[in-house]
Amino acid sequence: MTAPIERFDQLDLQAPILAALAEIGYETPSPIQAACIPHLLAGHDILGEAQTGTGKTAAFALPALDRVDISKRNPQVLVLAPTRELAIQVSEAFQRYASKMPGFHVLPIYGGQSMVVQLRQLQRGAHVVVGTPGRVMDHIERKSLNLDGLSTLVLDEADEMLRMGFIDDVEWILQHLPAERQTALFSATMPDAIRRVAHRYLRDPKEVKIKAATATVSTIRQRFLQIAGAHKLDALTRILEVEDDFDAAIVFVRTKTATVELAEKLEARGYAAACLNGDMTQQLRERVIEQLKNKTLDIVVATDVAARGIDVPRVSHVINFDIPYDTEAYVHRIGRTGRAGRAGNAILFVAPRETHLLRQIERATRQPIELLKLPSREAVADKRVAAFRQQVAEVLESEDLSFFVDVIAGMEAQHDTEIHEIAAALAFLAQKDRPLQMPETGRPDIAQLASGKPEARAPRDAREAREPRENRGEILERRRDYAEGRLARYRIDVGREHMASPKDIVGAIANEAGIESRFIGQINLFEDYSTVELPSDLSNDTIQILRRARVRQQPLNLRLASPEEAARERGRPGPGGRGAPPKKPFRKEGGFDRPGGDFKSRKPKP
Ligand code: ADP
Ligand code: MG
């Protein structure tokens, strides 16, 4: 390569694309863009690896647009993305970069959207289609997506697609595309499984790897707070109050239920907060993100899945309210802040027994995470007083107060009161709704509990407040549910050898499938698998999701337990004693309890 590329006009892109970029305001191509765009324009395949937030979308979208023939209405570019959110985001990016290309059409297609609408849109034609693997597969099968004229395929966020269990679907699609095509694969990390797919389906690809650059992550300040579950909410609000550069936050929790609960609690405390989870319709989710962008909302409480790929530059803070299950999730989470070169803050709450996860994250990201000192009650009060003084000073400076001066002068004369006492009374009135002092609770300040001292970290009562012991009644009730067939025993492919704990399993099931933990019965851990009681009438969709969900990187591959597996209850007699599984409505449909069944049997019915 010759001189380094510092401006977009050094790249051989069409004038309308350069004009759009100038309007958007991108100044220089990011490293992954500078490295990939010339290769893609020259027609080479690409294997591109760069962290999130480094501009991978434009790296493939700009050269793809450059090659699009507007006069043809058939799809020439297909982008596969792991989630609906990302498919929409990539489509929007194409739209922006093509704003000066009249007649250009990009179409996002994803599950959950009406088939009728999609079919109509496809019939109308699009130059670029951005879709999730499942839905694209559907359309290829129905022959509603004609890819004969396809010239470019992009696999975006390939590691994410692997993580979500889409790799077979992606391979299937790759096998159904014209052989004469350009293929680009982009990923934040390059696990072996992705590399294998690349070698199989890419032709002599140019490999571009932008080093786990400090570029994005170093602009994110990472801190952790050692705090017991019961105090997390107070700690969160205290942090939000004292962080100087706070603008907006995404708060991550583990379950859908927790998103709703925490968002409600924050709202009750006066924050503009809302939840974002997989139970919400696409439309609702998009609205929440839009509201975060336009400052109607300041805080979004989300699950990993729902927040994946969100790109809202004003997010100044990512709060890991519940620690993520693995380091990859952590990296994806904190990538929601520090966007487009801005500074960002990532704060991780670490409950007493989660210290090992903190170390694991530090090791994997090779970045130290500083200890956050939670400000004391007095420090918070000082901060509020300072802000109040500032406000008063501003009013004195900018407002015409003559009318009020007269009112006060009248009071002073009438009551024979000192002017500073009157002022104090007014200050009291002014702060009534948002008091300047922190209420005295009679308990130790959480700032002390969160000081990082081991003794202080794990007050017994706090632990129990977070995870209430199950009472005997509940256990008995679940036994009855099992005996009556309302619960069935399922097998999952993670066990003790994967270091899975019942808590991990409950967390994954609750979070991914939105099954409340009270509907999750007994869990038995064995060496390389476990069994878990779940409602016997799980929908096919839920089963699909749980087949793909992961615990400790391991796909659950959920299916009904065999009678032998169901009976293996480690010494405890099974409910009803005989261990025969109750009848399951979906069992006869086939496919679900066979490991690795072919994709047809896994496909949802149209
Ligand atoms: P990735 O896919 O690598 O996670 P994105 O493509 O989503 O990253 O880009 C991250 C952010 O950076 C987006 O807000 C995007 O608009 C912005 N961006 C991309 N390229 C540039 C550039 N050359 N200059 C400035 N901002 C850019
Ligand atoms: Mg991306």
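Each value in this text was obtained by applying a stated rule to the coordinates, not by laboratory testing. Note that the structure is a prediction, hence the values are computed from the model and not measured. Quick reminder, even Gly has a Cβ in these numbers, built from the backbone with ideal geometry, and neighbours come from all protein chains shown.
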Spin-label pair GLU6/ASP192, simplified geometry with 7 Å Cα→Cβ offset, distance in nm: 4.4
Please give the per residue volume of the convex hull enclosing the alpha carbon atoms of the stretch 252-382, rounded to a whole number of Å³. 132
If the chain between GLU261 and THR296 were fully extended at 0.36 nm per residue, the gain over the current Cα-Cα distance would be 10.6 nm
With an 8 Å Cα cut-off and a minimum separation of 6 or more residues, compute the relative contact order for the stretch 65-189 in percent. 33
Label point distance in nm, MET115-LYS383, each placed 7 Å from Cα along Cα→Cβ: 5.3
Please tell me the relative contact order of the stretch 138-220 in percent, rounded to the nearest whole number, where contacts are Cα pairs under 8 Å and at least six residues apart. 33
Full extension between THR355 and ALA15 adds, at 0.36 nm per residue less the Cα distance, a length in nm of 117.0 nm
Would you please report the Å³ per residue occupied by the convex hull of the alpha carbon atoms in the stretch 105-233? 189
Taking a 25 Å limit on the Cα-Cα distance, which of the listed pairs LYS211/LYS293; LYS232/LYS503; LYS232/LYS373 fall beyond it? LYS211/LYS293
Place a label point 7 angstrom from the Cα of GLU516 along the Cα-to-Cβ direction, then list the residues of the stretch 523-549 whose backbone nitrogen is under 14 Å away. 535
Take the Cα gyration tensor of the stretch 214-308, multiply each eigenvalue by 5, square-root it, and list the three semi-axes largest first, rounded to whole angstrom. 21, 17, 14
Relative contact order [Cα under 8 Å, 6+ residues apart], the stretch 173-292, whole percent: 12
The ³J(HN,Hα) series, computed from each phi in the stretch 25-31 with the Karplus coefficients 6.51, -1.76 and 1.60 at θ = phi - 60°, rounded to the nearest Hz and given as x for glycine or proline, is x, 5, 8, 10, x, 6, x
The stretch 4-81 - Rg (one decimal) and Dmax (whole number), Cα, Å: 12.5, 36
So who's got an amide H within less than 5 Å of the one on ALA488, skipping anything under 5 residues away but keeping other chains? H placed 1.01 Å off N, in plane. LEU534, SER536
Can you figure out the FRET efficiency of ILE70 with ASP416, using R₀ = 60 Å and their beta-carbon distance, to the nearest 0.05? 0.10
So the label point goes 7 Å from the Cα of ASP245 along Cα→C-beta, right? Which residues of the stretch 312-344 then have their backbone N under 20 Å from it? 312-321, 331-344
To the nearest 0.05, the calculated FRET efficiency linking ARG203 and ASN540 through their beta-carbon distance, R0 being 35 Å, is 0.40
